[in-house]
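The values are calculated or read from the model by the stated rules, or taken from the named source; none is laboratory data. Since this is a predicted model, take the numbers as computed values, not measurements. Positions of Cβ are generated from backbone atoms using ideal geometry, with glycine treated the same way; all protein chains shown enter the neighbour counts. Side chains are part of the model used for accessible areas, which takes the heavy atoms of the whole protein and leaves out ligands, DNA and RNA. Shrake-Rupley method; radii C 1.70, N 1.55, O 1.52, S 1.80 Å.
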Amino acid sequence: MRKFNVTVNGKAYAVEIEEVGEVGAVMPVATAPVVKAAPAPAAAPVAAPAAAGKGEPVKSQMPGLVKKLCFANGATVKQNDTVVILEAMKMDTPIVATKDGVITYSVSEGANIDTGAVLCTIA
C-alpha cells in the first residue's frame with residue numbers, strides 16, 4: 001500500500017492505493033462485445049451565405065439555427081432592434097440591427113447557418 005495526500009477543492013484527503021503487480025506489467029483485460037450504432041440521421045442543410053441585397057448586410061458571428069425572425073420582410077427597424085434570434089449550443093443569441101432602415105431577410109426560420117452568413121440586409 002502506498003499513501004498519498006490529495007487536496008480536492010481545498011479539502012485534504014489521505015488516500016491509500018494498493019500496488020498490483022510490477023510497474024510496466026500488462027494484465028489481460030476481457031473485451032466487451034462490439035455494438036454497432038445506428039447510422040446518424042442526415043444533418044439539416046446549411047444555408048449558404050446569400051447574395052447581398054441592397055443595403056448593409058447583417059452577418060452571423062457564429063454557426064447556429066435561425067430560431068426566430070423578429071420582423072417581416074420590408075419592415076422598418078431601428079438600430080439595436082433585435083432582428084434575428086439565433087440558437088447555438090442550446091442558448092438563444094439576439095442579433096441586432098446595425099442601423100435604422102428597411103429590413104430584407106436572406107434566411108428563413110429553421111435554417112442552419114454558418115459563421116459569416118448574411119442573415120439580412122438593412123437599407
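Of the numbered criteria (1) touching a residue at least 40 places away in the same chain (Cβ under 8 Å); (2) surrounded by fewer than 18 Cβ atoms within 10 Å (Cβ to Cβ); (3) touching a Cys at 6+ places or on another chain (Cβ under 6 Å), the one Glu109 fails is (3). Of all residues in segment 52-106, those being among the polar types (S, T, N, Q), in a strand (DSSP E or B) and in contact with a Cys (Cβ under 7 Å, 6 or more places away or on another chain) number 2. Given the criteria on the phi > 0 side of the Ramachandran plot and over 16 Å from the mean Cα position of the chain (by Cα), does Asn80 qualify? Criteria met by Asn80. Scan segment 58-74 and tell me whether some residue there is of a type in the set (Val, Ile, Thr) and either open to solvent by 70 Å² or more (accessible area, probe 1.4 Å) or modelled with pLDDT under 85 (or both). Checking segment 58-74: not a single residue is of a type in the set (Val, Ile, Thr) and either open to solvent by 70 Å² or more (accessible area, probe 1.4 Å) or modelled with pLDDT under 85 (or both).
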